[in-house]
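Worksheet for the structure shown next.
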Amino acid sequence: MSDADTRRGTRRGECFALTLCLVFLIASCASAPVTERRGLRLVPDSELTSMSFQEYNNVLKKSKLSTDTAKVSMVRRVGQRVAAASEELLEETGRGNDIRNYKWEFNLIEDDKTVNAWCMPGGKVAVYTGLLPIAQDENGLAVVMGHEVAHAIAKHGNERMSQGLLAQFGAIGLSLALARSPGLTSDIFMQAYGVGTQVGFLLPYSRLHESEADRIGLVLMAKAGYDPRGAVSLWQRMSAKGGSRPPEFLSSHPAPESRIRDIESLIPEAMQYYKVRR
């Protein structure tokens with residue numbers, strides 16, 4: 001075989017590999033509910049769900065869970081209503097299988113200095129007691145819970161984790177990363193879902209994800225029977241709490257003023273889903 005034939009064969013091989021990568025990337029794109037925005041999700045849901053169960057248990061073992069029965073009950077009551085609303089929304093939009101294997105769990109972590117909450121894939125949710133004074137009541141808590149569950153059902157963490165794995169390993173090494181680098185993969189997972197401090201090369205969520213979670217979250221809380229108009233006062237209180245150093249929950253969010261304006265513009269859409277539960 002001549003050198004020219006060899007070069008042509010190499011180019012054909014490279015083109016074929018590139019085509020396979022493009023097909024893989026396109027096939028890995030899926031849309032979020034409500035917004036229909038498409039995003040890259042390279043990590044299998046089964047892998048993320050399995051990892052989330054393990055990491056969630058690790059967090060709970062290292063944390064002090066609240067023993068305040070009234071507060072714990074409120075967190076679980078609001079959580080279950082928002083979770084049911086998310087399942088209903090996904091069923092209505094033909095995405096019911098997306099969370100078919102979710103095992104919803106809601107825990108309140110005793111930490112008055114941490115103003116935060118998060119939701120892992122598989123329906124594993126944690127709320128910190130430092131958030132409750134700002135939430136004030138069930139409706140305020142539903143704003144936050146809807147936002148966090150929205151991140152999970154829109155699979156924002158998968159997008160962030162996919163970006164992180166690609167940055168570290170490249171497309172070819174993606175599948176190997178899950179098997180061969182469990183420590184680094186675990187770190188990327190925890191960052192992708194906003195658990196713990198913001199270290200490393202990626203913030204937990206982009207502003208695009210935060211804005212999308214606001215929109216989806218308002219719909220979820222409305223479907224759950226909570227008044228989405230309460231989101232404005234919740235974010236005003238959150239902004240006031242921030243001062244010169246914002247709470248963890250605000251760290252990667254849009255500026256408070258623009259966020260509140262955006263939320264006000266989204267309330268008419270959410271109100272279409274609002275039904276008062278008695």
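The values are calculated or read from the model by the stated rules, or taken from the named source; none is laboratory data. Keep in mind the model is a prediction, meaning the values are calculated, not measured. Don't worry about glycine lacking a Cβ; one is built from the backbone with ideal geometry, like all the others, and counts go over all protein chains shown.
Some values worked out for this structure:
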read-out: Tally of residues being without any contact (Cβ under 8 Å) to a residue 60 or more places away in the chain and in contact with a Phe, Trp or Tyr (Cβ under 9 Å, 6 or more places away or on another chain) across region 99-127; value: 12
read-out: Some residue of region 119-134 being surrounded by fewer than 18 Cβ atoms within 10 Å (Cβ to Cβ) and within 20 Å of A70 (Cα to Cα); value: yes
read-out: Flag if L90 is assigned by TED's automatic domain parsing to the domain that holds V219 and more than 16 Å from the chain's Cα centre (by Cα); value: no
read-out: Qualifying residue in region 73-90 (condition: among the hydroxyl-bearing types (S, T, Y) and either part of a helix (DSSP H, G or I) or at pLDDT 95 or above (or both)); value: yes
read-out: Residues of region 68-112 that turn out to be among the small types (G, A, S), under 17 Å from V127 (Cβ atoms) and surrounded by fewer than 19 Cβ atoms within 10 Å (Cβ to Cβ), as a count; value: 2
read-out: Answer residue from region 196-226, given it is in contact with a Pro (Cβ under 8 Å, 6 or more places away or on another chain) and modelled with pLDDT under 95 and is farthest from Q163 (Cα to Cα) among those; value: S211
read-out: Residue in region 227-240 that is touching a Phe, Trp or Tyr at 6+ places or on another chain (Cβ under 7 Å) and modelled with pLDDT under 75 present; value: no
